[in-house]
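This report concerns only the one structure given below.
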Amino acid sequence: MNVLGIESSCDETGVALVSFDAMQAPRLRAQALHSQIDMHRGFGGVVPELASRDHIRRLLPLTQEVLSAASCELGQVDVVSFTRGPGLAGALLVGAGMACALAAALGRPALGIHHLEGHLLSPFLADDPPQFPFVALLVSGGHTQLMRVSDVGRYELLGETVDDAAGEAFDKCAKTLGIGYPGGPALARLAARGDAKAFQLPRPLMHSPTLDFSFAGLKTAVWSLHRKLGPLPGDPVLADLAAATQAAIVDVLVSKSERALQEVGLNRLVVAGGVGANSLLRERLNTMGARRRVRVHYPDLDLCTDNGAMIALAGAMRVQRGFAPQNPHYAFDVLPRWSLADIDLS
Ligand code: KG4
Ligand code: ZN
């Protein structure tokens, strides 16, 4: 079976082809990605209308590129999966529209995938995939969640952020420090030159009994400190502030993940989403894992941030389990706000 995956929920256009058969788990045949970062940089963030228009421009050439890299004819595509939500409505509509038109033309099923399901299944494309059940730490630009995952489509929310997501905290603090967009990787690079102990920043909810997160207070603390210190661009204090910010976010994520593993009694942790690319987070989770005899799984680095491979993979894993979409007329919708807990299994 060949599953074509299309991701267009935000500022990356991703297309990929994943194949599987009765003997072999889904494997990535080819993928192509176009990042819109350069286009949005001048605005300091994603401009939804520009994002949608760019997805329109990129999707067909990227699809042709993927099919040709995989030496796969269009007619050999068995299922087209696409991101149905959550994300920017206009951007999602472009991917959903193209996926359903392609599926209709081919007479093949179109499968709407939850973007976060794609993220949390993405480590299954790694050389050393996890086994169910596991605890998942989903850390992206819009979401910070801990889930108990018993199988594809079986997700139990253990805790989530009550305000900003971890990626959002990285992005907003980076903006405060004047180090541009996207903030996460830029802040991590600057932090590498700083002293995390130079400032003691708050770690909101770290010791609360729930598995919920909160990052808004940290963002405000960084803003106030920056305002008080008034550093000029290039001042070494900026690197110290970045390092202290990163340490605070990572401390909370590691501590809550450890508590979640303890509470549900599992010894496998899967980390997914853009912030999962952060090397301090990986280092600290690995240390915690070694101490608690927990296996920590990550997607390959290029599959941490948004991509088409995770959407093709989630489609393939659903098809493998017999979740067949019943949609003979190819009517489609998108769900800009959609909780993973509300996902349907049909
Ligand atoms: O999963 P993703 O690509 O998109 C969403 O679904 O949101 O995550 C993007 C988020 C952004 O907030 C970005 O700043 C953050 O992931 N990010 C990082 C790193 N790479 C990406 N945050 C910290 N360190 C990184 N190396
Ligand atoms: Zn994402």
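The values are calculated or read from the model by the stated rules, or taken from the named source; none is laboratory data. Note that the structure is predicted; figures quoted are calculated from it, not measured. So basically every Cβ, Gly included, is an ideal-geometry build from the backbone, and we count neighbours across all protein chains shown. Ligands, DNA and RNA are excluded from the accessible area calculation, which covers all protein heavy atoms including side chains. Shrake-Rupley method; radii C 1.70, N 1.55, O 1.52, S 1.80 Å.
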Checklist entry - So which pairs qualify, if the first residue must be in segment 17-45 and over 17 Å from GLY118 (Cβ atoms) and open to solvent by 80 Å² or more (accessible area, probe 1.4 Å), the second must be at pLDDT below 95 and not β-branched (Val, Ile, Thr), the Cβ gap must be under 7 Å, and the two must be at least 6 apart or on different chains? => result ARG41/TYR181
Checklist entry - Which of the following residues is aliphatic (A, V, I, L, M), without any contact (Cβ under 8 Å) to a residue 40 or more places away in the chain and open to solvent by less than 10 Å² (accessible area, probe 1.4 Å): VAL222, VAL250, VAL237? => result VAL250
Checklist entry - Is there a residue in segment 60-77 that is assigned to a helix (DSSP H, G or I), more than 14 Å from ligand 1 (Cβ to nearest atom), open to solvent by less than 10 Å² (accessible area, probe 1.4 Å) and aliphatic (A, V, I, L, M)? => result yes
Item to check | Qualifying residue in segment 203-217 (condition: under 26 Å from ASP11 (Cβ atoms), assigned to a loop (DSSP other than H, G, I, E, B) and either of a type in the set (Ser, Thr, Tyr) or more than 16 Å from ligand 1 (Cβ to nearest atom) (or both)) | outcome: yes
Checklist outcome for this item: Residues of segment 111-132 being part of a loop (DSSP other than H, G, I, E, B) and either in contact (Cβ under 8 Å) with a residue 60 or more places away in the chain or in contact with a His (Cβ under 6 Å, 6 or more places away or on another chain) (or both), in sequence order, are ALA126, ASP128, PRO129, PRO130, GLN131
Item to check | LEU102 over 18 Å from ARG318 (Cα atoms), more than 16 Å from ligand 2 (Cβ to nearest atom) and touching a Ser or Thr at 6+ places or on another chain (Cβ under 9 Å) | outcome: yes
Item to check | Residue match in segment 262-282 (condition: under 16 Å from VAL250 (Cβ atoms), assigned to a helix (DSSP H, G or I) and open to solvent by 70 Å² or more (accessible area, probe 1.4 Å)) | outcome: yes
